[in-house]
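Participant: This is the structure I have questions about; it appears just below.
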Amino acid sequence: MFTQVYHIFSLSMRLEWRKKQSFIALFLYTLTTTYLSFLVFNGDVSKETWNAVFWIVMLFAAVQAAFRSFENEASRRFLLYYGLVKPQVLVLGKTLYNFIYLLSIGLFTTLIFTFLLGNEIHNLGAFMLLLFIASAGFSAILTFTAALAAKAGDNPALPAILSIPLLYPQVLTLSRTSIRALTGFSWEFNAPYLLVLLMMAGISIALSYLLFAYLWRD
Amino acid sequence: MKQHWWKVLGVVLVFYTIIWGFLGEVPARFILNESIRATYFHVTMWFSMIILMTASLVFSIQYLSKGNRLADLKAKETASTGVLFSIIGLVTGSLWARFTWGAFWVNDAKLNGTAITLLIYAAYFVLRGSVDDPQKKGRLAGVYNIFAYVMMLVFIGILPRMTDSLHPGNGGNPAFGQYDMDSQMRMVFYPAVIGFALIGVWITTLRIRMQKLIWKKEN
Amino acid sequence: MQQLQKLSFTLFAFLPGIPLLAQMREKPEMADLMRSNGKIYVVVAIAALVFLGIVLYLINLDRRLRKLEKDDK
């Protein structure tokens, strides 16, 4: 099963790599939004603003990135996938792929933020850990809602409407925790928050694993 | 008359709530003063909403496992009554907040929880609206309903414990603390929840029966 | 005389605490007036009537639906 999951993952990766412009477009998207916030805030941001804007840019980039994951395959390849592998394998592969994708977007956004808005990160390790957990939780929910939206037909607003309310709990906890990674991070104090974040990511992955079969069958 | 006993019970309980909610003894508190009685009408909306959403979840699971069209209808209509109750809860809560906490809208974990629940279920109805095939609609909506319900539970059950809230019983407990309601208030509050929830179920059954008639006519 | 001075001194020492004490003894304001002149019953009657109206409406809907369901069979 793991080899199949890896197969889906690498297939998605190669498809994405072949169409580099969509990959580049997304990085350009984070670059422009970050530059916009640099201009709006006059290049002078507090740690609170840095944190808030970071997670908003990250969230919207993630929604943009993930909801395309079932778009390319809308017609023929959909059926091919379905015939070849179990739906659970498909969703795990896609989630893994989106996880890597979102993690790289997160790292890139962090780079641009430190470049344009100043290096505000106090505890880099903690921030990276948060980014890691965030990518895991986001990718699970976003992959699932992307599949839902793809199945529901082409309503362009649907992916955002479906996924963002479900992401609120994570984004809220993430921003509350990451502000402390910017100021001063105490592992003992933040352990329950990290645990809750891990739990939310775990629940999301488990739910999309369990429910995807119902969503997928036609 | 036999199958109507629960409707009578719901009506009687709500009348009991209205009478004893105003006339019964309540603890005298600063800031809240007499408005503590709003608990019987505002907080019950919210409890009833949770009950209805849970029913909707059960019907969605039923639909996914059996594929029965009626179960999907039930899931949809209980969710829509739940949304009605949550809107009433949100509006009344906002009014109450204006006179006790001083603003219509405050950044509070429970308030956010209700607002996000509303957004999630709004998305649920948008999703239903954008699919034509009834079977596919039921399946996608059912799947989303389950996902949404769990996320709602996370939001209203866990996050208030992590953050401070103006609502009673926080700092570890999303429900009421032992000192927020005395036994006299409980005697009104819990019947009130059951009463309003039953009224909600009644409204839901009316809508379901109406839709069933429409289906029959179509055939 | 000296004792009186001592007494007044202790009294003054406690003076800043007096408003606080008074506040603690003061009860939160409740609508006791409404209760004493019986106006609260008017409020209860109005709220009950509002709900009664809604219930009658629901019963009416219920009966109409039942009639339609019977006709359909």
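The values are calculated or read from the model by the stated rules, or taken from the named source; none is laboratory data. This is a predicted model, so every value here is computed, not measured. Backbone-built Cβ (ideal geometry, glycine too); neighbour counts: all protein chains shown. Heavy atoms of the whole protein, side chains included, go into the accessibility calculation; ligands, DNA and RNA do not. Shrake-Rupley method; radii C 1.70, N 1.55, O 1.52, S 1.80 Å.
Participant: Using the basic label-point model (7 angstrom from Cα toward the beta carbon), what is the A:Leu36 to B:Asn33 distance in nanometres?
Facilitator: 4.7
Participant: Still on this structure: When only Cα pairs under 8 Å and 6 or more residues apart are kept, what is the percent relative contact order across chain A?
Facilitator: For chain A, the relative contact order is 29 percent.
Participant: Find the accessible area per residue for the range B:2-218; the probe is 1.4 Å, ligands and nucleic acids are left out, and the unit is Å².
Facilitator: That works out to 44 Å² per residue.
Participant: Just to be sure I understand the model, the point goes 7 Å from the Cα along the line to the Cβ. What's the resulting B:Ala103 to A:Leu15 distance in nm?
Facilitator: 4.6
Participant: Sticking with this structure for a sec: For the pairs B:Lys74/B:Lys217; A:Lys151/B:Lys216; A:Lys20/B:Lys137; B:Lys110/C:Lys39, note any where the Cα-Cα span goes beyond 26 Å.
Facilitator: A:Lys151/B:Lys216; A:Lys20/B:Lys137; B:Lys110/C:Lys39
Participant: Roughly how large is the C-B contact in terms of buried accessible area, totalled over both chains, probe 1.4 Å, nearest 100 Å²?
Facilitator: 2300
Participant: Shifting gears a bit: Take the Cβ-Cβ distance between A:Ser186 and C:Arg66 as r, set R0 to 60 Å, and report the resulting FRET efficiency rounded to the nearest 0.05.
Facilitator: Calculated transfer efficiency: 0.40.
Participant: Let me ask another. Just the number, please: buried accessible area between A and B, total of both chains, 1.4 angstrom probe, nearest 100 square angstrom.
Facilitator: That pair hides around 2700 Å² of surface in total.
Participant: Helix-derived [θ] at 222 nm for chain B: sum -39500 (n - 2.57) over DSSP H runs of at least 4, divide by residue count, nearest 500?
Facilitator: -25500 deg cm²/dmol
Participant: Per residue, what accessible area does chain A have, given a 1.4 Å probe and all protein chains present, in Å²?
Facilitator: 45
Participant: Please provide three numbers in whole Å: the alpha-carbon extents of chain A along the principal axes, with the largest listed first.
Facilitator: For chain A, the Cα spread along each principal axis is 53, 37, 29 Å.
Participant: Helix A:124-151: angle to the longest alpha-carbon principal axis of chain A, degrees 0 to 90, nearest 10?
Facilitator: Taking the Cα atoms of chain A, the angle to A:124-151 is about 30 degrees.
Participant: Further question on the same structure: Rolling a 1.4 angstrom probe over the protein chains, ignoring ligands and nucleic acids, what is the accessible area of A:Glu48 in square angstrom, nearest 10?
Facilitator: 110
Participant: Treating the Cα atoms of the range A:153-218 as identical point scatterers in vacuum, please give the log10 of the normalised Debye intensity I(q)/I(0) at q = 0.15, 0.16, 0.19, 0.25 Å⁻¹, two decimals.
Facilitator: Normalising to I(0) and taking log10 leaves -0.65, -0.71, -0.86, -1.11.
Participant: Then there's this: Can you give the relative contact order of the range B:2-218 as a percent, counting alpha carbon pairs under 8 Å and 6+ residues apart?
Facilitator: 33
Participant: Where does chain A land at 222 nm, in deg cm²/dmol rounded to the nearest 500, when only DSSP H runs of n ≥ 4 count, each adding -39500 (n - 2.57), divided by all residues?
Facilitator: -29500 deg cm²/dmol
Participant: Let me ask you something else. I'd like the orientation of helix A:87-117 relative to chain A: the angle between its Cα long axis and the longest Cα principal axis, in ° from 0 to 90, rounded to 10.
Facilitator: Approximately 20 degrees, to the nearest ten.
Participant: So how tilted is helix A:158-183 from the main axis of chain A? Cα-based, degrees 0 to 90, rounded to 10.
Facilitator: 30
Participant: Can you give the accessible area of A:Ser186 in Å² (nearest 10), computed on protein heavy atoms with a 1.4 Å probe?
Facilitator: My reading of the accessible area for A:Ser186 is about 50 Å².
Participant: Continuing with this model, one more query. Size of the range B:1-135 along its principal axes in angstrom, Cα-based, largest extent first?
Facilitator: Answer, in whole Å and largest first: 55, 44, 18 Å.
Participant: So which residues of the range B:33-61 lose at least 10 Å² of accessible area, probe 1.4 Å, when you go from the chain by itself to every protein chain present?
Facilitator: B:Asn33, B:Glu34, B:Arg37
Participant: At a 1.4 Å probe radius, carbon and sulfur cover how many percent of the accessible area of the protein assembly as shown?
Facilitator: 68
Participant: For the protein assembly as shown, what is the Kirkwood estimate of the hydrodynamic radius, computed as the reciprocal of the mean inverse distance between distinct Cα atoms, to one decimal in Å?
Facilitator: About 26.4 Å, per the Kirkwood formula over Cα pairs.
Participant: Could you calculate the contour length gain from A:Leu28 to A:Ile56, that is, 0.36 nm times the residue separation minus the distance between their Cα atoms, to one decimal place in nm?
Facilitator: Result for the pair: 8.5 nm of gain on full extension.
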